[in-house]
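Everything below concerns the one structure shown next.
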Amino acid sequence: MKKSSIEKIGFDIFVGALLAAWLLPIVMLVPAGCTEQQEPTSQLGGDSLTADAQGLPQPLVNPTGEHQASTDARVPVYDIPRFAINSPFDTEYDSPVPKEGKRLWATSRLWAKAPDFVVEKWLTDKPDTNGKYLLIEFWATWCRQCRRAVPGLNDIHRKFADELVVIGISDEKEQIVRKLRELKIEYHVAIDTQARMKNDLGVFGIPHCIIVEPDGYVVWEGFPLLKGHELTEEVVEKILEAGKNANR
């Protein structure tokens, strides 16, 4: 073999070694098999892990099982930093702002005017809402979490009937709602197949509740069974008491 050929081969090996040494750290930084993480979705029936099985609201689906387009919404939370110099707090100081905000499956309307209250047809007697708080629940007969919420809403209806009206609104057809016989719903029920108020609130997961004070402002909102943010008799009592104190 000629000397020039040997020198060329040696030069090629040298260049290849340099490239390998330069590229190796870059290759090691690239993760293998990166995939987009998807949140579980709710299904009607089946044994797969669903959002409903985890105790979360069920995404809205139509009778064919197709999910409606939606976006997640959260109430914004802002951290309050400690002072950088001469802090009056000791090392055990905890920020009063929670690390995570309350999750919503709707557009937040807290402390804002509620959309116009409108229903298509009452399936129970029409309640007298004059001067009262409204607890409005958006629900559906196929929703298991909605069924779980019924006993608690019944309790709230019985305890605060003089000051608060509980109303369940479904966007299903009348005959579908009337077929639901295994649940004893004691509060008022209506339908609105156009889902006007629900759409105005941007609801994409049910059940979703709002409490509206007599002047029309939303004073509570959310999934009534959300851990740490449950809608309970105690919560309703505090809301009503705050309203009384404000009017004194």
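The values are calculated or read from the model by the stated rules, or taken from the named source; none is laboratory data. Treat the numbers as computed from the prediction; the structure is a model and nothing was measured. Glycine gets a Cβ as well: all are built from the backbone with ideal geometry, and neighbour counts include every protein chain shown.
Some points to look at:
- Residue satisfying condition, being surrounded by 19 or more Cβ atoms within 10 Å (Cβ to Cβ), modelled with pLDDT of 95 or more and touching a helix residue (DSSP H, G or I) at 6+ places or on another chain (Cβ under 9 Å), within set ASP155, ASP171: ASP171
- Restricting attention to region 101-153, the residues that are of a type in the set (Val, Ile, Thr) and farther than 19 Å from VAL219 by Cβ total 5.
- Condition check for PHE89: among the hydrophobic types (A, V, I, L, M, F, W, C), surrounded by 10 or more Cβ atoms within 10 Å (Cβ to Cβ) and modelled with pLDDT under 95: yes
- Search result, residues across region 101-110 that are in a loop (DSSP other than H, G, I, E, B) and crowded, with 18+ Cβ neighbours inside 10 Å: TRP105, ALA106, SER108, ARG109
- Identity of the residue in region 111-128, surrounded by 12 or more Cβ atoms within 10 Å (Cβ to Cβ) and of a type in the set (Phe, Trp, Tyr), that ends up nearest to ALA242 (Cα to Cα): PHE117
- Among residues of region 150-178 that are closer than 14 Å to GLU137 by Cα, those with a Cβ under 8 angstrom from a residue that is among the basic types (Lys, Arg) and surrounded by fewer than 14 Cβ atoms within 10 Å (Cβ to Cβ), sequence gap 6+ or separate chain, pair up as VAL150/LYS184; ASN154/LYS184.
- Strands (runs of 3 or more DSSP E) (entirely within region 160-248) containing at least 1 residues that are out of contact with any Ser or Thr (no Cβ under 8 Å at 6 or more places or on another chain): 164-170, 208-212, 218-222
- Scan region 137-161 for residues that are of a type in the set (Gly, Ala, Ser) and touching a Cys at 6+ places or on another chain (Cβ under 9 Å) and the total you get is 2.
- Hits in region 202-239 - residues which are crowded, with 16+ Cβ neighbours inside 10 Å and more than 12 Å from the chain's Cα centre (by Cα): ILE210, ILE211, VAL212, GLU213, VAL218, VAL219, TRP220, LEU231, VAL236, ILE239
- Per-region count, region 234-246, residues at pLDDT 95 or above and touching a Phe, Trp or Tyr at 6+ places or on another chain (Cβ under 8 Å): 5
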